[in-house]
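Asker: Got a structure here, written out as C-alpha cells. Questions coming.
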There are 2 protein chains.
Amino acid sequence: MPHVHTAELMDGTALARRVLAETADRAATLTRRTGVAPCLATVLVGEDPASVTYVRMKRARCAKVGITSRHVPLPATTTTAQLVETIEGLSRDPDVHGILLQHPAGPGIDERAAFEAIAPEKDVDGVTTHSFAAMSFGLPGFVSCTPGGIMRLLDAYDVDLAGKRAVVVGRSAILGRPVGMLLLARDATVTYCHSRTEDLSSVVREADVLVAAVGRPRLIRGQDIRPGAVVVDAGYNAGNVGDIDAEGALGRASLITPVPGGVGPMTIAVLLSQTVDAATAQLGLVP
Amino acid sequence: MPHVHTAELMDGTALARRVLAETADRAATLTRRTGVAPCLATVLVGEDPASVTYVRMKRARCAKVGITSRHVPLPATTTTAQLVETIEGLSRDPDVHGILLQHPAGPGIDERAAFEAIAPEKDVDGVTTHSFAAMSFGLPGFVSCTPGGIMRLLDAYDVDLAGKRAVVVGRSAILGRPVGMLLLARDATVTYCHSRTEDLSSVVREADVLVAAVGRPRLIRGQDIRPGAVVVDAGYNAGNVGDIDAEGALGRASLITPVPGGVGPMTIAVLLSQTVDAATAQLGLVP
C-alpha cells in the first residue's frame, strides 16, 4: 500500500478547553479576592437565529467559567443612535467589565459607530479601531477573538512564522485585516487576498501559512495548498463546511484546523480569557 | 540601434506644485472668510541636522502657501512626559490647527506616546493610531503624509490597483504599514515584506506595483523588477539614492518615481493640504 500523507489536525477543542480551564481558575481567584465576579455584557440586536445561538453559547460558556453575563437584547427596530447610547451606558457602568456586540448588528445599523462606543478597556471582543491599532503596532490592548484564537493555535503547534509567507484570504475588519497584522507583527511576510484578487490560486500556492476567512464554502482547492503548508480555516459556512476543501488539503498540508473543532472553539475561549483580563485590570488587581 | 525601453517618470515635483497651488488657494479663501490663517505647529526635539533641515523646509513651504507655522523647538534633554505635555497643550490650543512632531523624536523618547498626544482632528501628519485605523477601515481622518502622497501619485498616473499585486517593502508605522492598508482599501492584493522576509527577490518579482520604504540604498535590484511594473521608491538614503537600483529598474518598469523629485515633494504637499483641511474643519467652514 502506498503511503498516504495526512496532515496533523490542530485541535482547537482541546486547546480551548485548556484556555477555558485556566480562565476559570483566574476568574475564581479574582472573585475570591475582590468579591466581584467578572461580568460580560452581551448586546444582541434583533432575533437572527444564528446570532441568538452564538450569544446563547457564549453566555453558557461564561457561566461555566465563573463569568457573569448580562444580556442586553434589543429589538430589530433599534436605531444606530439608540444602540450607541446603550453601549455607551455599558462602557460607563462599573459593574460591567467587558462588552460584546454580536456581529452582524443588523441591517441599517452603522456597526462601526456601535463598535466605537465600546470603551477600549472593555473591548474584550477586539472590535474597536483602538484595538486594531494596538494589534497593528504591538501596543497593549485586546485582540480580535478569532485572530487571537488563530495565533494561540499556531503557537500551541509551534508554527514558525518569522520570515515565512503567510497568506490571508479575506480582509474583514474583525478577522482578515487583524489576523494579517498579528502575523506581520510576528515577522511573517503577509499577503492579503480578497474578492478582487486576480488569480487567487497562484497566491494561495505561495503560502507557508494559509488563513482562510471569507465564508465561501470550499473556495480554496486542495490542489492549491503548498505541500507542507500550515492551513487555518476560519470560514463559517452552512453544514460545517469551511472555506478550504478539507479532503484535498489533508493530503498536502502539514497542519490543518478541522471544521468544526478548529478555530471556532478558540474564539469563545479568547473572548472569555480577555473578559477576565479586563475585569482584573478594572478591579485593580495586578494580572 | 536597438530600442531601449525606459520607464516613464512619475513627476512628484510637478504634482506637488499643483497640490500646493490648490492648497494656497484654499488657505487664502479660508483666511479671507474667517480672518484666521491656518496654523501648523512644528515640534522639534534636539538639533539633529537632518531634522532641522526638514522642519525648516516644511515651514518655508507653509509660508509660501499662506499657512502660519508656530515652531516649538525643544532641547535634546526633553523627557517623554515633557514632550507629551507640550503636545497636549498644542492639542488644546484653538489657535493651532495642525501638529507635526518631527520624526524621529530622538533617543530615549517614547515616540508612540508623543504621537498619541496629538488630537485626532489636528493629526495632519497622520501618525496617530486613530489615523492609522481610519486609513485601514476607510473611515474619515487624515492619512500619513508619505503614503498619502504615494496614493496621489499613483492616481495622477492612472495606475490601476484593483486586483493587482502590490508589494510593500518596509513596515514602519508611518510609511510601510499605512501605505499597505491604503493599497488594500483600493482593492490591491497586498504583500508586506521586511527585514525578516526570506527571499525578498522572489517576492519583489511578483509585484505589479512595488513600494520600497525601508531606507537601505539600492536594496532592490533592477533585475527583480517585473517588466511593466509600477515602481515607487520612498526610500531616503544619503546621496539621493533610493531603496531601488534606479538604473536597473528604468529598463523594466512602466512607471517609476525618481529620487529625488518623486515621493519626497508629495509628502510636504499632503502635509500642507491636510493642514488646510484641519483648519477648515476647526474654523467651522464646510470644505
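Read-outs: derived from the displayed coordinates by stated rules, not from any lab. Quick caveat, the model's predicted, so the values are computed rather than measured. No Cβ is skipped: glycine too gets one built from the backbone with ideal geometry, and neighbour counts run over all protein chains shown.
Asker: If N is the number of residues in the protein assembly as shown, what value comes out of its Cα radius of gyration divided by 2.2 N^0.38 Å?
Answerer: Details: Rg = 25.1 Å, N = 574, 2.2 N^0.38 = 24.6 Å.
Normalised by 2.2 N^0.38 Å, the Cα Rg of the protein assembly as shown equals 1.02.
Asker: On to the next question. When you look at the Cβ of every residue in B:202-211, what mean number of other chain Cβ atoms sits within 10 Å? Don't jump to the answer; show the numbers that get you there.
Answerer: Values: counts 2, 4, 0, 0, 4, 0, 1, 0, 0, 0.
Taking all residues of B:202-211 together, the mean is 1.
Asker: Under 18 Å Cα-Cα from B:Lys64, which aspartates and glutamates qualify once same-chain neighbours fewer than 8 residues away are excluded?
Answerer: B:Lys64 reaches B:Glu22, B:Asp25, B:Asp277.
Asker: Apply the Karplus parameterisation 6.51 cos²θ - 1.76 cosθ + 1.60, with θ equal to phi minus 60°, to every residue of segment A:212-223 and state each ³J(HN,Hα) to the nearest whole Hz, in sequence, with x for glycine and proline.
Answerer: 9, 8, 10, x, 10, x, 6, 4, 9, 7, x, 5
Asker: If the only charges are +1 at each Lys and Arg Cβ and -1 at each Asp and Glu Cβ, what is the size of the charge dipole of chain B around the Cα centre, to the nearest 20 debye?
Answerer: Values: 27 positive and 30 negative charges, 88 e Å.
The calculation lands at about 420 debye.
Asker: To the nearest 20 Debye, how big is the dipole of segment A:73-204 about its Cα centre, given +1 on the beta carbon of each Lys and Arg and -1 on that of each Asp and Glu? Intermediate results must be reported in sequence, preceding the final value.
Answerer: Values: 10 positive and 16 negative charges, 81 e Å.
Here the size comes out at about 380 debye.
Asker: So, one more: Distance between Cα centroids, segment A:91-141 to segment B:231-287: provide it in whole Å.
Answerer: 34
Asker: About the Cα centre of segment B:34-119, how large is the charge dipole given +1 on each Lys and Arg Cβ and -1 on each Asp and Glu Cβ? Please answer in debye to the nearest 20. Please report the intermediate quantities before stating the final value.
Answerer: Values: 8 positive and 9 negative charges, 102 e Å.
Charge dipole, segment B:34-119, about its Cα centre: 500 debye, nearest 20.
Asker: Mean-square fluctuation check for chain B, GNM, Cα pairs under 10 Å: which of B:Thr257, B:Thr129, B:Thr146 is largest?
Answerer: Top of the fluctuation ranking is B:Thr129.
Asker: To continue, here is another question. Any aspartates and glutamates with Cα under 19 Å of the A:Lys164 Cα? List them, leaving off those in the same chain fewer than 8 positions away.
Answerer: A:Asp155, A:Asp187, A:Glu206, A:Asp208, A:Asp224, A:Asp233, B:Glu198, B:Asp199, B:Glu206
Asker: Follow-up question, since we're still on this one. Mind listing the phi-derived Karplus ³J(HN,Hα) values for segment A:112-117, rounded to whole Hz, using 6.51, -1.76 and 1.60 with θ = phi - 60°, and x for any glycine or proline?
Answerer: 4, 4, 5, 4, 5, 7
Asker: Can I ask one more? If the chain between B:Asp95 and B:Arg33 were fully stretched, how many nm would it gain, using 0.36 nm times the residue separation less the Cα-Cα distance? Mind showing how you got there, number by number?
Answerer: Values: separation 62, 0.36 × 62 = 22.32 nm, distance 1.60 nm.
Taking B:Asp95 through B:Arg33 to full extension adds about 20.7 nm, to one decimal.
Asker: Which one, A:Thr80, A:Leu44, A:Ile67, projects farthest toward the positive side of the charge dipole computed for segment A:35-119 from Cβ point charges (K/R +1, D/E -1)?
Answerer: It is A:Ile67, whose Cα lies furthest towards the positive end.
Asker: Which whole number gives the average count of other chain Cβ atoms within 10 Å of the Cβ atoms across peptide B:185-194?
Answerer: Values: counts 1, 1, 5, 4, 12, 9, 10, 10, 3, 6.
Mean partner shielding for this stretch: 6.
Asker: Can you tell me the FRET efficiency between B:Gln223 and B:Asp158 if r is taken as the Cβ-Cβ distance and R0 is 35 Å, rounded to the nearest 0.05? Let's see the in-between values first.
Answerer: Numbers: r = 27 Å, r/R0 = 0.77.
Between B:Gln223 and B:Asp158 the formula returns 0.85.
Asker: Can you give the average number of partner chain beta-carbon atoms within 10 Å of each beta-carbon in peptide A:171-182, as a whole number? If you can, show how the numbers build up before the last one.
Answerer: Values: counts 7, 0, 4, 0, 0, 1, 4, 1, 0, 5, 6, 0.
Mean shielding by partner chains, rounded to a whole number: 2.
Asker: Here is a follow-up. Connecting C-alpha atoms closer than 10 Å in a GNM of chain A, tell me which of A:Glu198, A:Glu111, A:Glu121 has the biggest fluctuation.
Answerer: A:Glu198
Asker: Sticking with this one: Mind checking which of B:Val169, B:Val263, B:Val55 has the largest fluctuation in a GNM of chain B, springs on alpha carbons under 10 Å?
Answerer: Taking springs between Cα atoms under 10 Å, the residue moving most is B:Val55.
Asker: Would you compute, from DSSP H runs of 4+ residues alone, the mean residue ellipticity of the protein assembly as shown at 222 nm, taking -39500 (n - 2.57) per run and dividing by the full residue count, rounded to the nearest 500?
Answerer: Working: 20 runs with 240 residues, N = 574.
-13000 deg cm²/dmol, from helical runs alone.
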